[in-house]
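Heads up, the thing below is written out as structure tokens.
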Amino acid sequence: MPTTVLIHGAYTSPWHWHRLVPLLEEAGNEVVVPELPIDDPDAGLEEYVAAVEAELPAGADDALVVGSSFGAVTACLVAARHPVRALVTVCGVIPLPGRPVGEDAADMAQPEFAAAVEPNPDSSTTFKPDSAAELVFHESEPDVMREASSRLRRQAAKPFLEPCPFEQMPGVTRVGIVSGEDRLLRPEWLHRAVSERLGVEPTVLNGDHAPMLSQPDRLAELVLAA
């Protein structure tokens with residue numbers, strides 16, 4: 001049975017994949033959804049990768065690795081270190097080898113994001129639920145949008161400030177799914193990152209930043225096609 005690994009992004013959790021998981025399982029996939037230590041101020045990219053590696057089943061050398069938003073950074077690192085079938089990013093923050101992702105923040109994020117988060121004493125930030133509903137989950141059904149916003153977690157700063165510890169993108173099949181109506185990340189940045197960093201033509205899925213909740217059926221088709 002093929003394995004699909006779903007890696008959540010900043011502020012989110014495995015719950016945010018819950019509408020996609022059964023669709024992939026029905027198609028014959030074993031689905032692994034690790035929980036990243038995003039609210040731990042001492043956890044960096046190595047700890048994120050370790051959290052994924054701890055959940056990989058034995059012999060899962062043909063895994064399909066999917067990273068959403070900031071989870072794309074971890075997905076790229078995992079795919080660079082393990083034999084995988086393919087790498088898929090969903091509205092993904094595509095890293096540059098040896099460079100901190102935070103260097104892209106000004107070009108990458110929509111201007112509304114700055115006012116959507118609040119700083120915490122431990123240098124983490126909290127995404128305001130109302131802002132998340134407007135910027136991330138706005139295409140989901142109202143009850144899903146509200147629950148998705150209420151389940152957000154603190155996001156620590158460390159992994160955004162660390163140089164990405166890999167030398168080049170893995171030589172596997174790559175798919176970069178972007179949203180043409182993304183309110184969190186600039187669509188033009190997403191398109192450019194997929195083209196220049198993943199080295200593939202972007203796959204456009206119109207909708208919000210979280211299609212795993214707003215249009216899981218269509219996202220499942222694109223993931224399974226990889």
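The values are calculated or read from the model by the stated rules, or taken from the named source; none is laboratory data. Predicted model, so just to flag it, every value in this text is computed and none were measured. Neighbour counts run over all protein chains shown; Cβ positions are idealised from the backbone, glycine included.
Select from the range 193-202 the residues that are surrounded by 15 or more Cβ atoms within 10 Å (Cβ to Cβ) and under 19 Å from GLY98 (Cβ atoms) and list them in ascending order.
Of everything in the range 193-202, those that are surrounded by 15 or more Cβ atoms within 10 Å (Cβ to Cβ) and under 19 Å from GLY98 (Cβ atoms) turn out to be ALA193, ARG197, LEU198.
For the range 1-55, give me each residue that is outside any loop (DSSP other than H, G, I, E, B), under 21 Å from ALA109 (Cβ atoms) and touching a strand residue (DSSP E or B) at 6+ places or on another chain (Cβ under 6 Å).
ILE7
What residue, among those in the range 56-95 that are surrounded by fewer than 17 Cβ atoms within 10 Å (Cβ to Cβ) and not in a helix (DSSP H, G or I), is modelled with the highest pLDDT?
Here is the first cut: in the range 56-95, the residues surrounded by fewer than 17 Cβ atoms within 10 Å (Cβ to Cβ) are 57-59, 61-62, 81, 83.
This time we only want the ones that are not in a helix (DSSP H, G or I), so: 57-59, 61-62, 83.
Numbers: PRO57: 84, ALA58: 77, GLY59: 68, ASP61: 73, ASP62: 85, PRO83: 90.
The qualifying residue modelled with the highest pLDDT is PRO83.
Of (1) touching a helix residue (DSSP H, G or I) at 6+ places or on another chain (Cβ under 9 Å); (2) in a loop (DSSP other than H, G, I, E, B); (3) farther than 26 Å from ASP42 by Cβ, PRO111 satisfies all except one. Which?
Exception for PRO111: condition (1).
Can you confirm whether the range 215-224 contains a residue that is part of a helix (DSSP H, G or I), of a type in the set (Lys, Arg) and touching a residue at least 60 places away in the same chain (Cβ under 8 Å)? Talk me through it step by step, then tell me what you get.
We begin by selecting, within the range 215-224, every residue part of a helix (DSSP H, G or I); these are 216-224.
Cutting the leftovers down to of a type in the set (Lys, Arg) gives us 218.
Next, only the ones that are touching a residue at least 60 places away in the same chain (Cβ under 8 Å) stay: none.
Within the range 215-224, not a single residue is part of a helix (DSSP H, G or I), of a type in the set (Lys, Arg) and touching a residue at least 60 places away in the same chain (Cβ under 8 Å).
Scan the range 159-188 for residues that are farther than 14 Å from VAL93 by Cβ, at pLDDT 95 or above and crowded, with 17+ Cβ neighbours inside 10 Å and jot them down.
ARG174, VAL175, ARG183, listed by residue number.
So in the range 101-144, with the set limited to residues that are more than 19 Å from the chain's Cα centre (by Cα) and closer than 24 Å to ARG192 by Cα, which one is surrounded by the most Cβ atoms within 10 Å (Cβ to Cβ)?
By that ranking, first place goes to GLU112.
Being in contact with a helix residue (DSSP H, G or I) (Cβ under 8 Å, 6 or more places away or on another chain) and in contact (Cβ under 8 Å) with a residue 40 or more places away in the chain: is that true of ASP104 here?
When the stated conditions are applied, ASP104 passes them.
Show the residue pairs meeting these rules: Cβ distance below 6 Å; 6+ apart or different chains; first residue within the range 22-41 and closer than 20 Å to ASP217 by Cβ; second residue surrounded by fewer than 15 Cβ atoms within 10 Å (Cβ to Cβ) and charged (D, E, K, R).
Short answer, once both residue conditions are applied: VAL31/GLU25.
For the range 147-174, what are the residues that are of a type in the set (A, V, I, L, M), touching a Phe, Trp or Tyr at 6+ places or on another chain (Cβ under 9 Å) and in a loop (DSSP other than H, G, I, E, B)? Break it down into steps so the answer makes sense when it comes.
Going residue by residue through the range 147-174, those that are of a type in the set (A, V, I, L, M) are 148, 152, 156-157, 161, 169, 172.
Filter once more, keeping what is touching a Phe, Trp or Tyr at 6+ places or on another chain (Cβ under 9 Å): 148, 152.
Passing the criteria: only LEU152.
Of all residues in the range 146-162, which are hydrophobic (A, V, I, L, M, F, W, C) and either touching a Leu at 6+ places or on another chain (Cβ under 8 Å) or more than 19 Å from LEU185 (Cβ to Cβ) (or both)?
Kept after step one, since they are hydrophobic (A, V, I, L, M, F, W, C), are these residues of the range 146-162: 148, 152, 156-157, 160-161.
Of everything in the range 146-162, those that are hydrophobic (A, V, I, L, M, F, W, C) and either touching a Leu at 6+ places or on another chain (Cβ under 8 Å) or more than 19 Å from LEU185 (Cβ to Cβ) (or both) turn out to be ALA148, ALA156.
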